[in-house]
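All of the numbers you see were taken from the coordinates with simple rules; none came from a lab. Here the structure is a predicted model, which is why all the values come from computation and not from measurement. Every residue, glycine among them, receives a Cβ derived from its backbone with ideal geometry; neighbour counts consider all protein chains shown.
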Amino acid sequence: MLEIGVMGGGSLAMWREYFGEGAKFVGLDINPDCKRHAAKDVDIFIGSQSDKAVLDEIKQKYPQLDIVLDDGSHISADMIASFNHLYGHVQAHGVYMVEDTHANYWPDWGGGVNVSGTFMEFAKDRLDDINAAHTRGALPISDFTASTDYIAVYDSIVAFEKRPQGRRQAPITIGMALPEQDMHRA
């Protein structure tokens with residue numbers, strides 16, 4: 001598991017307890033003091049989440065990640081940069097989560113409702129990508145489309161779950177009836 005944003009180390013400690021013995025954790029933070037959280041099962045990298053060189057260093061040392069949790073800068077450009085650089089590196093049945101997306105709605109953080117360039121607008125575009133197979137050619141089938149099973153949006157969190165996708169087809173519903181209509185047929 002890679003956690004972007006280590007700060008006081010409390011979240012890493014929680015994940016260590018939750019996942020238990022044998023799990024490996026990687027932290028990334030801009031603050032060099034975060035190195036103090038390194039342990040036998042915790043590797044800490046120092047650098048920005050938008051720095052391709054440090055992200056490449058993580059990718060080289062850890063060929064695949066099961067989980068990425070972005071609790072870093074909360075700045076949309078950084079969130080998008082790390083997502084674009086790391087999502088393809090998450091294993092085929094992994095999860096990529098972005099926390100504190102509420103900052104995307106704050107003007108003093110470069111956000112607002114429907115403001116272009118925020119991570120939330122980026123996530124909304126991924127909703128189109130995940131459904132590209134249904135757009136009758138208006139959107140190309142991308143690696144994201146072929147590898148993503150679902151996107152879940154919660155209060156201040158967006159989670160992307162990967163699972164290799166096969167052929168998608170529009171659901172067809174026949175004979176749908178309300179429950180009281182079914183009772184009269186019995």
* **Rounded FRET efficiency, nearest 0.05, which uses the C-beta distance separating residue 7 from residue 128 and R0 of 41 Å** => 0.75
* Asked: Which ³J(HN,Hα) values in Hz, rounded to whole numbers, follow from the phi angles of the range 38-43 under the Karplus curve 6.51 cos²θ - 1.76 cosθ + 1.60, where θ = phi - 60° and Gly and Pro get x?
  -> 5, 8, 3, 10, 10, 10
* Contour minus Cα-Cα distance for residue 35 and residue 152 (0.36 nm per residue) -> 38.9 nm
* To do: Mind sorting out which of (i) 14.1; (ii) 22.5; (iii) 15.1 is the real mean projected area of the Cα convex hull in nm² computed from the coordinates?
  => (iii)
* Per-residue HN-Hα couplings for the range 62-76, Karplus 6.51 cos²θ - 1.76 cosθ + 1.60 at θ = phi - 60°, whole Hz, x for Gly and Pro? -> 10, x, 9, 10, 7, 9, 10, 10, 8, 10, x, 6, 6, 8, 3
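Run the numbers for residue 84 and residue 165: contour at 0.36 nm per residue of separation, minus the present Cα-Cα distance, in nm. Working shown, then result.
On the way: separation 81, 0.36 × 81 = 29.16 nm, distance 1.94 nm.
In short, 27.2 nm is gained.
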* **Calculated [θ] (222 nm, deg cm²/dmol) that DSSP helices of n ≥ 4 give over the chain, each run adding -39,500 (n - 2.57)** => -8500 deg cm²/dmol
* Asked: Do any trypsin sites (Lys or Arg not before Pro) in the range 1-103 lie in a DSSP loop with no more than 12 other beta carbon atoms within 10 Å, and if so, which?
  -> 40
* **Nonlocal Lys pairs with alpha-carbon distance under 25 Å, the chain (8 or more apart, or different chains)** => 17
* For each of 82, 142, 50, 76, count neighbouring Cβ atoms within 10 Å of the residue's Cβ, then give the residues from fewest to most. => 142, 50, 76, 82
* Return the inverse of the average 1/r over all pairs of distinct C-alpha atoms in the range 1-104, which is the Kirkwood hydrodynamic radius, in Å to one decimal. => 13.6 Å
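I need 116, 156, 48 ordered by Cβ neighbour count within 10 Å, fewest first. Present the calculation step by step, with values, prior to reporting the outcome.
Details: 116 8, 156 14, 48 19.
Neighbour counts put them in this order, fewest first: 116, 156, 48.
So if each residue of separation counts as 0.36 nm, and I subtract the Cα-Cα distance between residue 92 and residue 141, what length gain in nm does that give? Walk me through the numbers before you get to the answer.
On the way: separation 49, 0.36 × 49 = 17.64 nm, distance 1.70 nm.
Net length gain for the segment: 15.9 nm.
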